[in-house]
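The structure appears right after this line, and notes come after that.
Computed from the coordinates by the stated procedures, all read-outs in this text should not be read as laboratory data. Quantities reported herein were computed from a predicted structural model and do not represent experimental measurements. All Cβ positions, even for glycine, are placed from backbone atoms using ideal geometry, and neighbour counts span all protein chains on display.
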Amino acid sequence: MRRLVLLRHSKAAREAGGGDKERPLTRRGREDATRAGHYLVEEKLVPNLAVVSDARRARESLDCVMQAAGKSFKVLIDPEIYLAEDFALLAELHKTPDLVQTMLVIGHNPGLADFAWRVVGKGDLEARKRMEVKYPTSGLCVVTFDTPSWADVAWGSGALDRFVTPSMLVEGVDDLD
């Protein structure tokens with residue numbers, strides 16, 4: 001079984017010198033990414049590999065996740081993930097070495113949400129409905145695949161295990177976009 005964890009980058013500043021790619025996380029974004037890291041450890045979802053957009057907000061989200069997890073794992077900062085559309089994310093997934101059992105992808109909407117929606121063909125129906133309504137910053141989707149290779153992953157071949165948002169991890173927190 002292969003497991004894919006899709007994390008939308010955490011809440012970032014609206015603007016930054018240097019343009020969109022240089023937008024840093026807000027305080028709330030750092031807190032949410034840290035919670036996501038703790039969640040990965042508690043749920044035994046720590047990845048073998050993290051593939052992350054080269055945008056500052058995605059890299060900072062990864063830093064918070066790794067620090068909270070207290071574990072290091074192999075990381076690939078991939079410029080192809082920045083604002084990638086769903087089909088591009090599938091192509092990147094197909095490049096994953098088969099030694100990787102659990103992979104974390106930190107990316108951006110709308111491509112990440114579109115990819116999650118298209119790759120899932122079965123699984124938790126309530127989670128899928130929530131994911132369809134809104135995939136907020138720090139939203140975390142876990143999809144499993146019964147395939148011998150990442151290259152075999154196709155649209156609709158995944159089973160949605162869960163969809164977790166910041167509001168589900170701590171009371172009183174809204175799912176900001």
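A few points about this structure:
- Here the Gaussian network model covers the chain, with springs between Cα atoms less than 10 Å apart; of GLY111, GLY158, GLY19, GLY19 fluctuates the most.
- Computed over the range 84-177, Kirkwood Rh from alpha-carbon pairs, angstrom: 13.8
- Environment charge at GLU15 (Cβ cut-off 15 Å; Lys +1, Arg +1, Asp -1, Glu -1): +4
- Its convex hull of Cα atoms gives the range 40-106 a direction-averaged projected area, equal to a quarter of the hull surface, of 4.5 nm².
- Taking every alpha-carbon pair under 8 Å whose residues sit at least 6 apart, the range 1-91 reaches a relative contact order of 28 percent.
- Once the Cβ-Cβ distance of LYS122 and LYS71 is raised to the sixth power relative to R0 = 30 Å, the FRET efficiency obtained is 0.50.
- J(HN,Hα) series, the range 50-58, from Karplus relation 6.51 cos²θ - 1.76 cosθ + 1.60, nearest Hz, glycine and proline x: 10, 10, 10, 4, 7, 5, 3, 5, 6
- Cα pair distances of the chain binned at 10 Å [whole percent]: 11, 43, 38, 8, 0
- Percentage relative contact order, the range 106-177, counting C-alpha pairs under 8 Å, at least six apart: 37
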